Amino acid sequence: MADEKREQTPQEKADAAKAVADQDKAAAAGVELVNLVVDGAPVAVPKGTLVIEAAFRAGSDVPYFCYHPRLTSVGACRMCLASVELEMFGQRRASIMATCTIPCSEGMVVKTQTPEVKKAQNGILELLLANHPLDCPICDRGGECPLQNMTISYGPPTSRYTEEKRHYPKAKPISDYVVLDRERCITCMRCTRFADEIAGDGKLDLINRGAQTEIGPFMGASFDSNFSGNTIEICPVGALTSRQFRFKGRPWEVKSVDSVCSKCGNGCNIAVGHRLGELVRINARTNEEINEEWTCDRGKFGHAYVNSEERLTTPLIRDMDGKLQPASWDAALTKIVEALKHYKPEQIGGIGSTRATLEDNYLFAKLLKGAIGTAHVGHQMHPYPLIPMQTSIAELESAKKIISVGMKLEDDQPIVYLRVHKARSKKGASWVQAATVAEAIESLSEGAVLLLPHTLSEADYAAAQAACAEKSAKLNILLPDANSWGAVKAGVTGGELAQILSGNLKMLYILGSDPVVRYHDPAKAREAVAKAEFVVVQELFLTETAKLASVVLPAASFAEKDGTFVNIEGREQKIKQAIAPRGDSRPDWRILADLLARLGKAQPYFSARDIYREWEKAQG
Ligand code: SF4
Ligand code: SF4
Ligand code: FES
């Protein structure tokens with residue numbers, strides 16, 4: 001056991017910061033304070049604060065496994081022991097207690113560092129390790145494992161247990177994404193509480209009793225949850241690990257870059273883990289305004305496309321036989337410039353991207369609207385009114401009544417769903433899931449929050465808008481992609497896709513978009529793209545639209561470039577380059593800057609930051 005003060009892990013610091021922030025919020029809201037002494041320091045905390053959380057405020061070091069600041073306390077692991085002196089049965093007495101289960105009371109005296117406390121913590125670790133396998137060298141959690149860390153700081157150097165450890169079959173897949181190693185589980189119930197309280201699907205549960213207790217999918221089913229990946233991150237041991245990340249690298253070999261998820265418009269903050277030039281894992285980063293500390297499974301596991309062998313790695317030009325053939329960047333860009341000069345501006349149309357960055361879209365608009373002079377530039381695969389959300393993601397959890405129309409919220413807007421679930425389960429809000437706008441309007445009451453998809457009719461949006469204005473309800477149209485709002489802010493607007501895909505334009509330039517699949521009338525889009533004389537597609541993959549193109553340009557993924565995404569709330573957030581672009585692919589903005597230069601409109605863009613500054617200045 002080390003005598004000097006232990007350096008806490010970033011996760012422990014984040015947990016403590018969250019607990020202290022919650023106390024500050026409660027105190028600011030007027031919750032009565034109680035006074036206690038922790039390790040000799042006087043502390044005042046709001047009534048209801050747990051002793052472990054008061055210890056965090058005092059800066060004391062209390063080890064823990066099952067405690068989590070966002071989950072209810074269950075006292076499952078007994079690791080957070082401390083000496084707690086309080087008034088009991090008319091007498092003051094001190095006992096060793098699990099501090100995550102005891103609310104603070106006036107006059108308490110807490111000691112976290114006495115020899116008795118250390119001995120008790122040591123004993124708990126010896127017990128927890130009695131059945132825990134010596135897997136650290138082959139465990140994905142090794143190197144960032146709370147059990148490993150606590151054992152080094154608080155555990156016994158040897159064990160008195162000589163009996164055979166409990167054995168289960170190793171590495172049991174419990175879903176497409178998660179592997180369970182039951183031997184490593186310390187039954188802390190973090191994962192089961194997460195499934196129950198945060199995801200609200202209860203897809204993991206405790207099975208059996210006593211020493212045979214284990215966790216598993218409810219009633220033997222698969223752990224099919226939209227949020228299963230979070231359990232991997234909060235499991236304090238290597239019992240739940242990622243099938244994707246399994247054996248891809250030791251945690252200390254994985255470098256992390258702060259970024260933003262590219263898979264929907266919620267804008268979850270993530271850390272992109274990479275090793276040897278490959279994206280190997282996505283972990284959540286805390287942002288209390290958006291994703292708290294969670295991601296959905298689409299965000300956590302859906303970025304494998306970045307490493308795909310199917311990625312485009314070189315420009316392609318359609319040859320005389322109608323086949324797309326690899327070409328040099330110079331040949332491809334020369335051909336595009338010739339076409340841009342050949343057609344009249346009104347014969348050219350551009351479709352921007354709701355998944356490319358603000359900077360990419362800004363240069364796209366600058367090229368087509370500014371340099372070429374066409375008005376046919378748009379991006380909406382389905383027309384929807386551009387009305388900013390009237391309720392932020394964080395505010396959703398304080399709504400009293402939430403009405404959603406026609407979406408499967410946990411799939412379509414996962415983090416919005418988690419807030420709605422929180423409002424319902426923790427704050428008693430009601431959630432009406434209406435099939436139609438008419439049904440939603442019937443339920444609308446003053447102050448209610450209305451959540452609409454982006455795929456309704458013009459008449460439905462008009463009716464919803466009028467009803468919300470009349471009832472002082474909050475209208476929120478939830479846009480679909482990581483940068484749906486960014487495309488708008490960048491100016492990829494003015495033209496409607498109904499016109500651009502009418503079949504009347506001779507040249508189409510399509511940036512990071514697949515209208516042949518995603519346009520609300522795919523057959524119409526296919527016909528228009530096939531009919532155009534010259535089509536440029538800038539993409540990661542040979543999509544259905546790219547297959548019809550005259551020139552295809554390979555674009556870098558979100559992990560291979562810098563830029564800005566604007567989430568459904570209109571919040572700007574930076575994505576950062578983690579790895580080099582695959583093959584000969586390039587960031588979209590770089591390709592567009594090159595084209596602008598070839599058209600004689602050269603600008604000194606050395607980075608996405610330069611473009612952002614220009615865009616920012618243009619906003620006035
Ligand atoms: S699997 Fe992990 S999170 Fe779940 S109970 Fe076991 S140790 Fe705790
Ligand atoms: S909710 Fe959206 S932004 Fe968040 S992790 Fe999932 S896909 Fe990504
Ligand atoms: S952390 Fe307190 S009992 Fe587990």
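The values are calculated or read from the model by the stated rules, or taken from the named source; none is laboratory data. Since the structure is predicted, the reported quantities are computational estimates derived from the model, not experimental observations. Positions of Cβ are backbone-derived with ideal geometry, glycine not excepted, and every protein chain shown enters the neighbour counts.
If you take the residues in segment 98-114 that are crowded, with 20+ Cβ neighbours inside 10 Å and hydrophobic (A, V, I, L, M, F, W, C), which one is nearest to ligand 1 (Cβ to nearest atom)? Talk me through it step by step, then tell me what you get.
The initial filter retains those residues of segment 98-114 that are crowded, with 20+ Cβ neighbours inside 10 Å, namely 98-100, 102, 104, 108, 110, 112.
So of that shortlist, the ones also hydrophobic (A, V, I, L, M, F, W, C) come out as 98, 100, 102, 104, 108, 110.
Values: 98: 16, 100: 14, 102: 21, 104: 26, 108: 29, 110: 26 Å.
Top of the filtered list is 100.
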- Search segment 292-311 for residues that are part of a loop (DSSP other than H, G, I, E, B) and pair each with any residue that is within 16 Å of ligand 3 (Cβ to nearest atom) and among the aromatic types (Phe, Trp, Tyr) when their beta-carbon atoms are under 9 Å apart and the residues are at least 6 apart or on different chains. 294/194
- Task: Note down all Cβ pairs under 7 Å where the first residue falls in segment 556-585 and is of a type in the set (Lys, Arg), the second is part of a strand (DSSP E or B), and they're at least six residues apart or on different chains.
- Result: 574/564; 576/257; 576/258; 576/259
- Residue list for segment 284-303, restricted to those being farther than 18 Å from residue 358 by Cβ and either crowded, with 24+ Cβ neighbours inside 10 Å or within 16 Å of ligand 1 (Cβ to nearest atom) (or both): 284, 291, 293, 294, 295, 296, 299, 300
- residue 381: passes all of (1) in a helix (DSSP H, G or I); (2) within 35 Å of the chain's Cα centre (by Cα); (3) crowded, with 22+ Cβ neighbours inside 10 Å but (1)
- Within segment 171-213, restricting to residues that are crowded, with 22+ Cβ neighbours inside 10 Å, in a strand (DSSP E or B) and touching a residue at least 60 places away in the same chain (Cβ under 8 Å), the one that is nearest to ligand 1 (Cβ to nearest atom) is 180
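Being under 17 Å from residue 283 (Cα atoms) and within 11 Å of ligand 1 (Cβ to nearest atom): is that true of residue 254 here? Walk me through it before giving the result.
On the way: under 17 Å from residue 283 (Cα atoms): yes; within 11 Å of ligand 1 (Cβ to nearest atom): no.
It is false that residue 254 is under 17 Å from residue 283 (Cα atoms) and within 11 Å of ligand 1 (Cβ to nearest atom).
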- Task: Would you mind stating whether residue 138 is over 26 Å from residue 251 (Cα atoms) and of a type in the set (A, V, I, L, M)?
- Result: no
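Out of all the residues in segment 322-342, is one or more assigned by TED's automatic domain parsing to the domain that holds residue 567, hydroxyl-bearing (Ser, Thr, Tyr) and in contact (Cβ under 8 Å) with a residue 40 or more places away in the chain? Show your work before the answer.
We begin by selecting, within segment 322-342, every residue assigned by TED's automatic domain parsing to the domain that holds residue 567; these are 322-342.
From what is left, the residues that are hydroxyl-bearing (Ser, Thr, Tyr) are 328, 334.
Narrowing further to those that are in contact (Cβ under 8 Å) with a residue 40 or more places away in the chain: 334.
Yes, segment 322-342 contains at least one residue that is assigned by TED's automatic domain parsing to the domain that holds residue 567, hydroxyl-bearing (Ser, Thr, Tyr) and in contact (Cβ under 8 Å) with a residue 40 or more places away in the chain.
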- Search segment 444-465 for residues being among the hydroxyl-bearing types (Ser, Thr, Tyr) and not in a helix (DSSP H, G or I), and hand back the single one that is surrounded by the most Cβ atoms within 10 Å (Cβ to Cβ). 455
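Just to check your reading of the model, which residue among 260, 254, 237 is within 25 Å of residue 291 (Cα to Cα), more than 20 Å from the chain's Cα centre (by Cα) and either in the same structural domain as residue 75 (by TED's automatic domain parsing) or buried (at least 18 other Cβ atoms within 10 Å of the Cβ) (or both)?
Working: 260 fails: more than 20 Å from the chain's Cα centre (by Cα); 254 fails: more than 20 Å from the chain's Cα centre (by Cα).
Only one candidate qualifies: 237.
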- Residues that are in contact (Cβ under 8 Å) with a residue 60 or more places away in the chain: which helices (runs of 4 or more DSSP H) entirely in segment 486-549 hold 2 or more of them? 497-500, 515-518
